[in-house]
Structures are given as structure tokens and as C-alpha cells.
Amino acid sequence: MAPRLRISDNRRFLVYEDGRPFFYLGDTAWELFHRLDREEADLYLEDRAAKRFTVIQTVVLAERDGLIEPNPYGHLPLRDGDLLKPNEPYFQHVDTIVQKAADLGLFIGMLPTWGDKWNRKWGVGPEIFTPENAYAYGLWLGSRYADAPIIWITGGDRPVEDARHREIVSAMARGLKEGDGGGHLMSFHPSGGHTSADYWPDAAWLDFNMLQSGHTRNQDNYNRVAADYARTPVKPCMDAEPAYEDHPSSFDLNNGYLDDYDVRKGLYWGLFAGACGHTYGCHDIWQMWQEGRDPATFTRTPWYKALHLPGSAQIQHARALLESRPFFSRIPDQSLIVSDVGEGTHHVRATRDADGSYALVYLPSYKPVTVDLEKLSGETLNVTWYDPRTGEARPAGQVARRGQQAFEPPRVWPDWVLVLDDASCGYPVAGGHAL
């Protein structure tokens, strides 16, 4: 049986059943089941595993003509378009990809369907769900993957606008839970600018909250994560669809394409605001675009080349940094920053250990930051500059833990993470990689 996940005792993080931290580092591969053959799927999954991703978010009934365009082997997911008639050859292909992910230590963040199948609003559709067949489909799917490394993600980029939508999603969630015996965590993927908590503020089936900050440069996902972090009941939260690498900002070519710098900003802003993890995305990869396919929104790079865009390799360094310090006691704390926290590209974000044994401050642009050292513990602090592009740590000496102090980042790259450690704790090099 695959490893299982649960919510941490303090309700802020995801953990394995034995209590070890689980860092949700996701990638959006929405069309993985639908558009890639087995060899292509292996190439994709092996790349993501090598880059220390932990979750692949993908969809069973896919967005891009998923009900009428067959997979590479000529199979549709449903016979006669009927949810009660799943097509076994299609799901055998899904099984193969799920097993490959498991062999690589990856969880599948499985969306049973894209949202246009229950709220078309925009997109292809058609709407095929009722509360009754949503439950039956969820029950069947939950039972089929009960022993697989799955995180269920309902929703699919559509809002819940009426009672029928609510009944459909709730029925599907109930079916999934009954089908897998409650063995997997579950969340909801909302439309842009929303969080799952907007629709399901206290639903028992929703184990952790997801938000979609969207595909615009310098979105304030930190405010949205902070709002979810402050909600009751307390649940882990995260940005599950931020600005995608190689995506036109705000869907407009005049704004240029988002790049690895934009990826890093969303990553550290979200995590330091209190997120339990983060999802990366690439515009070319979510749709598995290649020559000959209809591109969505000015796609320009074949997916197999986009695998090597720099952002996908850089986000693992955030995971390494946070896993190198006490994990469950990390809290967001903007009061650490005495100087102006800034806006947009210049927004500075801080997190620390609840007992003050370490602090991390993300500086997205070159400017000094002044920190209230009284928030930390110990007599002496080790100072390190952590490079979010390479994962290299640059030791910068020690300071006495007194009052307020300004720190000036290296004049090399635009963004850095300032690491302050209580010297008496003997923590390892930040991220495990010293320059």
C-alpha cells in the first residue's frame, strides 16, 4: 500500500501517517492523463521527481476536449459519454501513470474532472454531472485508487454559483471518501482570485484549503494565504495555482511573459505567509502543448522543452531551506520587519520559528531590510544569505541579538533570503548547500 498523508497535530501542515513532514511541492500537469503516452509520461514524471516535486496535479476528465478527443491510444474516458460507464482501457492508462508516479515517490493530486463538466460558464464542457452520478462516479474512482498515493482535488477552476453546483461537488466528495474509506486527503481547486474557503468554509470533507492567485505578475498571494491562515476552523492552506512560468502576464502579450523570477516571488511570498506548500506551473506543460496542437493563450514552447525552464528547477531550493529548520513550529511574522515591507516586486515577507530560534526573510529586490532581533532567541545570531536560484548559502558572519539591525543583501541577483539562526542551536547550513 502507498504511504498515507494526514493533517499535522497543530493543523498547519501535511504529514505522513508516522508524523514526518510532507512538503507539498506541486506541479500542474492538467492534461497528463489525456495527452501523453506512456513514454512521454515517464519522461515528464522522472524530470519532476529529480527536481524534488512531491505532487503532480492532473485531471481525469480533462479540460481540452477531454470527453471527445481520445488519449494517444485512441481511448475516451467514458463510453457513450456516460459517467456510469467508465472506459476501462482509458483508466488502465491512468493506472499506469499513477503507478509510475508512485514508483518515483510522487503523489497524484487527482482532479476527478475539470470544472466545465459541472459548471461550463466558459470552456468546452459539456455539463454532464448531476448530484446522483457525481456520487456514483466519485465512489467508483475512490474505490479504484483507494490504495494509490492520491490527494483528491475537487472543483477544477470553476466557481460554485448555485445550490446544484454545491450538491454536485458535495456528492462527489462524499463518493470519493466512501470509495477510498477516507484514506486520502481532499481539497478543492477554485477559479482565479478565489480560495476553497470561499465556498467551503467549514466542510468536513475539505482537509486543507487551496487558492488560485492567478497568472498576473506580482499578485499579492501573501495576503490571500494570510487570510486563509487566519480562518477558523484552522486548516493548512496553500497557493495551488500561482503565476505560471512562460505565461503572458494577465493573458496579455503586451505585459510580457512570466519567468523564473515571477515564480520565485510567488513561491516565497506564499510559503512565508504561512502556506503548507506551493504549486509551480508552466503554461506549456499544463496543456502538454506541442506543434500541431491548438495552443491556449499564446503558448510558445513545446512541453518537452519547457521541462527545462529554470523556474521548475529552482523551487526545490525553498523546500530544502524549510526542511533544514524545525518544520512544525514555523509561523508567519511580518512584525519581524521594521523597515518598509514594500509592495509589488518590492514586497518583503518574513517567517520564523515560534520560539525564535530562526527567522527567514525574503527580499525580492535589492534594498536593505531592518529586522527586530528581539523577536529571536539566543545571544548571538548566525547570518546567512540564501540564493533562491541555486540553493547556495553564503555565510555572512554573526551579530549580537540586540534591538534592531539593518541587513544589506549581496549585489548579485535581485532576490535573496536572509537567514538568521540562534547560534546556540547549531542548525546546519541553510538548505544544506554552502557556497
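Things worth noting here:
- Qualifying residue in the range 81-91 (condition: out of contact with any His (no Cβ under 7 Å at 6 or more places or on another chain) and within 28 Å of P242 (Cβ to Cβ)): no
- Scanning the range 8-42 for residues that are surrounded by 15 or more Cβ atoms within 10 Å (Cβ to Cβ) and part of a helix (DSSP H, G or I) yields a count of 7.
One line per residue, one yes/no per condition, for (1) buried (at least 19 other Cβ atoms within 10 Å of the Cβ); (2) at pLDDT 95 or above; (3) of a type in the set (D, E, K, R):
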| site | (1), (2), (3) |
| --- | --- |
| P368 | no, yes, no |
| Y386 | yes, yes, no |
| F407 | no, yes, no |
| V412 | no, no, no |
| L420 | yes, yes, no |
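- Screening P428, P409 for residues that are in contact (Cβ under 8 Å) with a residue 60 or more places away in the chain and assigned to a loop (DSSP other than H, G, I, E, B) leaves exactly one candidate, P428.
- Within the span defined as the range 295-304, one or more residues are out of contact with any Leu (no Cβ under 9 Å at 6 or more places or on another chain), within 25 Å of V124 (Cα to Cα) and of a type in the set (K, R).
- Exactly one residue among A296, A275 is among the hydrophobic types (A, V, I, L, M, F, W, C) and either in contact with a Phe, Trp or Tyr (Cβ under 6 Å, 6 or more places away or on another chain) or buried (at least 20 other Cβ atoms within 10 Å of the Cβ) (or both), and that residue is A275.
Okay, residues lined up against (1) small (G, A, S); (2) touching a Ser or Thr at 6+ places or on another chain (Cβ under 6 Å):
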site	(1), (2)
G105	yes, no
W118	no, no
D157	no, yes
G183	yes, no
F188	no, yes
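- Within the range 226-260, the set of residues being in contact with a Pro (Cβ under 9 Å, 6 or more places away or on another chain), hydrophobic (A, V, I, L, M, F, W, C) and in contact (Cβ under 8 Å) with a residue 60 or more places away in the chain comprises A226, A240.
- Residues in the range 46-59 that are surrounded by fewer than 24 Cβ atoms within 10 Å (Cβ to Cβ) and closer than 23 Å to P86 by Cβ: none.
- Residue in the range 92-140 that is modelled with the lowest pLDDT, counting only those that are touching a Lys or Arg at 6+ places or on another chain (Cβ under 9 Å) and at positive phi: G123
- The residue that is nearest to the chain's Cα centre (by Cα), among those in the range 159-190 that are surrounded by 21 or more Cβ atoms within 10 Å (Cβ to Cβ) and assigned to a loop (DSSP other than H, G, I, E, B), is P190.
The values are calculated or read from the model by the stated rules, or taken from the named source; none is laboratory data. Keep in mind that this is a model prediction, so the values were computed, not measured. Every residue, glycine as well, gets a Cβ built from its backbone with ideal geometry; the counts of neighbours run over all protein chains shown.
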